[in-house]
Amino acid sequence: MAEPLLEVRDLHKSFGGLHALRGLTFNIAAGETLGLIGPNGAGKTTVFNLIMNELKPTAGEIRFEGKNIARLATHARVKRGIARTYQVPKPFGEMSVAENIRVCMATDDLWKLISGRPDEAAERDIGQSVGFTDQQIGVQPSELSMGDLRRLEMARNIAVRPKLLLLDEVFAGLTLGEIAQISELLVEKKQKEGLTYIIVSHDLRALAPLVDRVLVLSFGALIAEGSFEEVINDEGVREAYLGQ
Amino acid sequence: MDKTTLKLLGGWLLFGVIMCLLPLVVSTGTLRILIFAHFLAIFAMSWDILSGRTGYISFGHPFLIGIAGYTTAILSFRYGVPIYFSIPAAVAATMVGGTLFFVPALRIRGTYFALVTLAFMEILYQMTKVVAPKVTGGTRGISGIETIVTGAVPNYYLTFAAMFVIGLLLWLLVRTRIGIALSAIQMDEEAVKSAGLNTTKLKLFAFMVSAAVAGIGGAFYVHYLGSIAPRGIFEINFLFTILIAALIGGAGTIVGPIIGAYFLTMLLEFLRPVLPGMERYFLYGIVALVVYVYQPNGIHSLLASARRHLSVGKS
Amino acid sequence: MAIQILIHGFLLSGLYALIAIGFTMIFSVGRVLNLAYGVYIMLGGYTYFMAAQEAGLPVFVSFILALLSGVAFGLLTYELLVRRLENNPVAVEISTLILAVVMQAAIILIFSPSPKSMWPVLRGVLRFEEVSVTANILLATGVSWVVLALLMLFVRRTHLGRAIRAVSMDRRGALISGIDPRNISRVTWGLSGALGAIAGVFFATITQLDPHMWVFPLITAVAVVIVGGIGSILGGLIAAHIIGFLETITTTLIAPELRGVVTMALIIVVLVVMPKGLFGKEEL
């Protein structure tokens, strides 16, 4: 079997006396879509924060493409091919959609940043590929709807050319129509660019058709793993959800 | 280059031509005042490229200007080093010395950065009094420093050329993608990291450019005045004037600080007969506070919106 | 010599702790830095000077007047500037610096730029073996500790105090307590002004009154916060003592002018080696 894209080994995180994660282990293969679900406070977002180095793990190991990435800063992880979205979209507020994409397309080479021209055609392509019209590309985020903001998050993440995309509550605050659009976009991007996803969502109905496999977290521990049907019929999972 | 950039470059050219013709019509007294405006503009732009862009507010720019001023003053006055060598040395010293002190401070969040840089300025003031007063001249400083050119007109052209070149280069710089990346740091530094950019490298770059500009300005300033003393350089009022020039003009725009510097220097001259002493800082401060609280984007944005209104009116 | 340093270091540190706590209160509740804090110290000093030395009012009355001037100016800073710019820490920082410069200019206009020396609040010198200590600095330290203790009681024992503590931990804390967050801010700014003014009276008696005197205490407060770490009262107290002792050692053994230089060196070392400070819970 091919080497997994991302391997997480015995990951622990505690905040003072509070254990947010207690020994999480999982793999994800390239091209796979993994769902990550669990009650509030189960530690799902913490997993993302640790993978991106926005938090430091108390113990454990994260390997990406076979290499331990513990020593890599956030931006270096992004350069290796990991990107994430946030529960609450965080665009650069005083920049247009195109400029938001431009920042994410920037290289880390200072000289190229100064001498090179922005690739406006590519910015427009990325904008269009997530469904923005030419007119919308020029507007500021304050004029966008929640669905459009999620789209902008996708556009920014596509602009950094990731291999693995961590999606945090991508369906929250969206109408059913918007959910369908975002889902379609996810499937399309996966087919075109061979992306791998880890999706955190409370919206199980939206999640079900997208995922190959689901992990269930409760109080920082993995309580079930399997296909969507297996997991939602699991006794322990039902208890964890109902018991909260 | 795109159309807007070319059009605006025309504006720079016009500004350059007008300012070059100015000595034909105004008195040398006015020129001497404008020389100070040019220095203030250089310092305010130096502040702007770091603080106005990235949101890391520096209260320590007098510290950088002071390093440059003292380096070139000591080298040329005490050791007889020619100024075409001591000025570049001063700029290099500002970049190195500034980095040694400021870079630890760039590790902390924006808010505390300001206070730490303020502390540096204050303490360099203390140190010039105690450490090697034979070299630095202690509290009294050094006077009789060689000047680059003499007379109001040559100094006017020299300082204007320095300001114009620095301003144009910085303005072109912030219009590149690095300018956008630096403003993004001010909006959300974490998100810039998530975009795969090394923000430490970007901030360090902005800082280095800022220090270099402060160094050039500081060195020329000392060779214009012919003297340097700790009071006058490491002083809150000096910091305050730089800050206000950048803020009143419009932070983060490079053009704003130039406008602000001219405006402030003119206002000062206008007020001098009425308010000869410290009152002017009192008045300045109150005006600055009101402007800042109600129009934080400064004159530059007022002009920009006026232009928009005019062009809307025409069409 | 050693005993001298020990006693003076201890006495100075108490005053520094008071200065620093007044400063950090604002940050922990509002997440903004108040650069006009040094002005409360200056204002306390000058008000006391006017009342006690110029108008000849009794010491206690003058002291209360100084305290009230701090409260008033603290509230004024909040109402006129900070409340309008609340969500923008950079704007608050810049506008409070401008305010400080305005006040510096105002003091120069009223009192002239030259320094004024202030009589001690309490006269007399106490001797312990070979060490002599002025009654004034002893009083300063005593008052500092009493004020700090009262502040602790207020924060831990009263409903309002607990609400302030809740807000400093989590901005939503105020909603739970049922108190208008605006009022919590007002109380904090008033208190901060009072602490600054009290410290200012004593600070002016052990140094001197001059229009520039607001800068040094402000930097000391920042140093205490950086060394002690944000959100740790104990850390702040210990850091105040580290800085107080370091300064006393430098000023007695090396040169009085080097007072601030050691503090700066300490700030840099702490920033490089441990960005959370000695006891901090979050990065600066």
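Overview of values
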quantity	calculated
All positions within the range B:92-112 that are within 9 Å of chain C (Cβ to nearest Cβ), touching a Gly at 6+ places or on another chain (Cβ under 9 Å) and closer than 13 Å to B:S51 by Cβ	B:A105, B:G110
Candidate set: the range C:72-89, residues that are open to solvent by less than 40 Å² (accessible area, probe 1.4 Å) and among the aliphatic types (A, V, I, L, M); chosen: the one farthest from the chain's Cα centre (by Cα)	C:L85
Check on C:T24, in contact with a Ser or Thr (Cβ under 7 Å, 6 or more places away or on another chain) and either outside any helix (DSSP H, G or I) or touching a residue at least 24 places away in the same chain (Cβ under 8 Å) (or both)	no
Any hit, the range B:241-252, residues being in contact (Cβ under 8 Å) with a residue 24 or more places away in the chain and out of contact with any helix residue (DSSP H, G or I) (no Cβ under 8 Å at 6 or more places or on another chain)	no
Condition check for C:F49: of a type in the set (F, W, Y) and touching a strand residue (DSSP E or B) at 6+ places or on another chain (Cβ under 7 Å)	yes
Enumeration of residues in the range A:105-124 that are open to solvent by 10 Å² or more (accessible area, probe 1.4 Å) and facing chain B (nearest Cβ under 9 Å)	A:M105, A:T107, A:D108, A:L110, A:K112, A:I114, A:S115, A:G116, A:R117, A:P118
Tally of residues being in a loop (DSSP other than H, G, I, E, B) and either facing chain B (nearest Cβ under 9 Å) or under 21 Å from C:Y40 (Cα atoms) (or both) across the range C:208-249	6
Residue in the range C:1-13 that is out of contact with any strand residue (DSSP E or B) (no Cβ under 7 Å at 6 or more places or on another chain), within 30 Å of C:R83 (Cα to Cα) and in contact (Cβ under 8 Å) with a residue 60 or more places away in the chain present	no
Considering residues of the range C:183-237 that are among the polar types (S, T, N, Q) and surrounded by fewer than 24 Cβ atoms within 10 Å (Cβ to Cβ) only, the residue farthest from the chain's Cα centre (by Cα)	C:N183
Some residue of the range B:236-255 being surrounded by fewer than 24 Cβ atoms within 10 Å (Cβ to Cβ), within 12 Å of the chain's Cα centre (by Cα) and within 13 Å of chain A (Cβ to nearest Cβ)	no
Selection within the range B:280-308 - assigned to a loop (DSSP other than H, G, I, E, B) and within 9 Å of chain C (Cβ to nearest Cβ)	B:P296
Residue count, the range B:85-131 (criterion: without any contact (Cβ under 8 Å) to a residue 60 or more places away in the chain, among the hydroxyl-bearing types (S, T, Y) and open to solvent by 10 Å² or more (accessible area, probe 1.4 Å))	1
Looking only at the range B:185-210, and only at residues there that are among the hydroxyl-bearing types (S, T, Y) and open to solvent by less than 10 Å² (accessible area, probe 1.4 Å), the one that is farthest from the other protein chains (Cβ to nearest Cβ)	B:S210
Residue match in the range B:160-168 (condition: open to solvent by less than 30 Å² (accessible area, probe 1.4 Å), at the interface with chain A (Cβ under 10 Å from one of its Cβ atoms) and in contact (Cβ under 8 Å) with a residue 24 or more places away in the chain)	no
Output for the range C:27-37, where each listed residue is open to solvent by 10 Å² or more (accessible area, probe 1.4 Å), within 12 Å of chain B (Cβ to nearest Cβ) and part of a helix (DSSP H, G or I)	C:F27, C:G30
Positions within the range B:38-68 being hydroxyl-bearing (S, T, Y) and either open to solvent by 10 Å² or more (accessible area, probe 1.4 Å) or not in a helix (DSSP H, G or I) (or both), in sequence order	B:Y56, B:S58
Any hit, the range C:253-276, residues being surrounded by fewer than 22 Cβ atoms within 10 Å (Cβ to Cβ), modelled with pLDDT of 85 or more, within 14 Å of chain B (Cβ to nearest Cβ) and closer than 19 Å to C:G9 by Cα	no
Residue check, B:V135 more than 14 Å from chain C (Cβ to nearest Cβ), over 23 Å from C:I267 (Cβ atoms), among the β-branched types (V, I, T) and open to solvent by less than 60 Å² (accessible area, probe 1.4 Å)	yes
Counted residues, the range C:109-146 - those being open to solvent by 60 Å² or more (accessible area, probe 1.4 Å) and among the aliphatic types (A, V, I, L, M)	7
In the range A:201-227, the residues that are farther than 16 Å from A:K190 by Cβ, assigned to a strand (DSSP E or B) and not acidic (D, E)	A:V214, A:L215, A:V216, A:L217, A:S218, A:A221, A:L222, A:I223, A:A224, A:G226
Among residues of the range C:87-119, those that are within 12 Å of chain B (Cβ to nearest Cβ) and either under 17 Å from C:S185 (Cα atoms) or among the aromatic types (F, W, Y) (or both), counted	6
Test result for B:V26, surrounded by fewer than 16 Cβ atoms within 10 Å (Cβ to Cβ) and assigned to a helix (DSSP H, G or I)	no
Candidate set from the range A:71-102 (those that are farther than 17 Å from A:K163 by Cα and in contact with a Phe, Trp or Tyr (Cβ under 8 Å, 6 or more places away or on another chain)); member that is farthest from the other protein chains (Cβ to nearest Cβ)	A:V97
Lone unmet requirement of (1) within 14 Å of chain A (Cβ to nearest Cβ); (2) part of a helix (DSSP H, G or I); (3) open to solvent by less than 10 Å² (accessible area, probe 1.4 Å); (4) in contact (Cβ under 8 Å) with a residue 12 or more places away in the chain for B:A214	(1)
Selection count where residues are more than 28 Å from B:V91 (Cβ to Cβ) and modelled with pLDDT of 95 or more, scope the range B:18-43	0
Conditions (1) among the hydrophobic types (A, V, I, L, M, F, W, C); (2) assigned to a loop (DSSP other than H, G, I, E, B); (3) under 13 Å from the mean Cα position of the chain (by Cα); number of the one not met by B:V274	(3)
Wholly within the range A:33-112, helices (runs of 4 or more DSSP H) carrying at least 1 residues that are in contact with a Pro (Cβ under 6 Å, 6 or more places away or on another chain)	A:44-51, A:97-105
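The values are calculated or read from the model by the stated rules, or taken from the named source; none is laboratory data. Here the structure is a predicted model, which is why all the values come from computation and not from measurement. A quick note on method: Cβ atoms are made from the backbone with ideal geometry, for glycine too, and the neighbour counts reach across all protein chains shown. Calculation scope for accessible area: heavy atoms of the full protein, side chains included, ligands and nucleic acids excluded. Shrake-Rupley method; radii C 1.70, N 1.55, O 1.52, S 1.80 Å.
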